[in-house]
Every structure is written in C-alpha cells, then in structure tokens.
Amino acid sequence: MLSRCIHSISDTKFREFNLQKGQFIFLTRVCENPGINQIDLSNLLKVDKTTTTKAIQKLIDAGYIRKTRDDLDKRMWRLYANEKGYELYTLVIGEENRNIAACFANFTEGEKESVLLLVKKLRENIENKWKILKKV
C-alpha cells in the first residue's frame, strides 16, 4: 500500500510533464546510470523487457532520453538522459525526497534507521526469489 500511494502521488504530479504511470522510475535510473542498456535496466527495476521497451520509447518520444549504439557491440543500445531529462530528474528526486520525509514524519532517528535496515533485508530476501524465478 505504501508503494501504491507513493506511485499514485508521483504519477499525478508528473502527469504535467507527459510522464505516464511509473515512467519516472525509468527516467531516474537512466539518469543515475548513464549508458545503461535496456536489459540491465529491466533487471535493476525488476520489470519485464516489454515494459522497459515501452517506457523507454515513450521517454525518447518525449525528448527525455536518447539511445546510442554501443561502440563495441553494435547490437546493443545505451541509454542516456538528455538535458530535458536531467531537468525533470531534479524535480522527480525532489518529489521523492518530499514523499520520504512524509513517510518518516514523527519517526525518531533510531526508528528511521531500523526501518531502513528492515526494508533492505526485505528487499534482499525477495530479490533472491526474483533472481531464481527470472534466472538472473
């Protein structure tokens, strides 16, 4: 429910930038990992390749990112944010930080640290199951 609430808030906020449901996640990861390929991006986000392909094409069409052929492997494409993408990235990160602050309102520093450690442990546990399922 936490994830759904945050995604709903973010999707509503970013609609004015022609970002559709969940596309902000793809943009942020491309900005944070310049030159990432679509397969690695799919694995990083734990989504299927078709979802990544659709989201990336929409971000390209909107002028936020670009694809460039890999210098060594001409079959592979690398993803990079355009200036417009980096500008939006700054807004996206600001919104994410506001959402995080709202989630942690009225938490002590110790409680925040505990939550972060426990969520990391949850992620690691489920990620192992995901890797087995996806044979990654």
Among (1) within 19 Å of residue 27 (Cα to Cα); (2) at pLDDT 95 or above, residue 109 falls short only on (1)
Selection over region 8-39 where residues are in contact with an Asp or Glu (Cβ under 9 Å, 6 or more places away or on another chain) and within 16 Å of residue 93 (Cα to Cα) yields a count of 10
Being loosely packed, with under 12 Cβ neighbours inside 10 Å and farther than 30 Å from residue 128 by Cβ is the requirement here; does residue 83 meet it?
yes
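Take residue 74 and tell me if it is out of contact with any Asp or Glu (no Cβ under 9 Å at 6 or more places or on another chain) and basic (Lys, Arg).
Yes, satisfied.
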Could you grab me the full set of residues in region 26-66 that are of a type in the set (A, V, I, L, M, F, W, C), open to solvent by 30 Å² or more (accessible area, probe 1.4 Å) and touching a residue at least 24 places away in the same chain (Cβ under 8 Å)?
none
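Could you pull out the residue among 129, 74 that is assigned to a helix (DSSP H, G or I), modelled with pLDDT under 90 and open to solvent by 60 Å² or more (accessible area, probe 1.4 Å)? Explain how you work it out, then say what you get.
Details: 74 fails: assigned to a helix (DSSP H, G or I).
The conditions single out 129.
The values are calculated or read from the model by the stated rules, or taken from the named source; none is laboratory data. This is a predicted model, so every value here is computed, not measured. Virtual Cβ from ideal backbone geometry, glycine too; neighbours counted across all protein chains shown. Heavy atoms of the whole protein, side chains included, go into the accessibility calculation; ligands, DNA and RNA do not. Shrake-Rupley method; radii C 1.70, N 1.55, O 1.52, S 1.80 Å.
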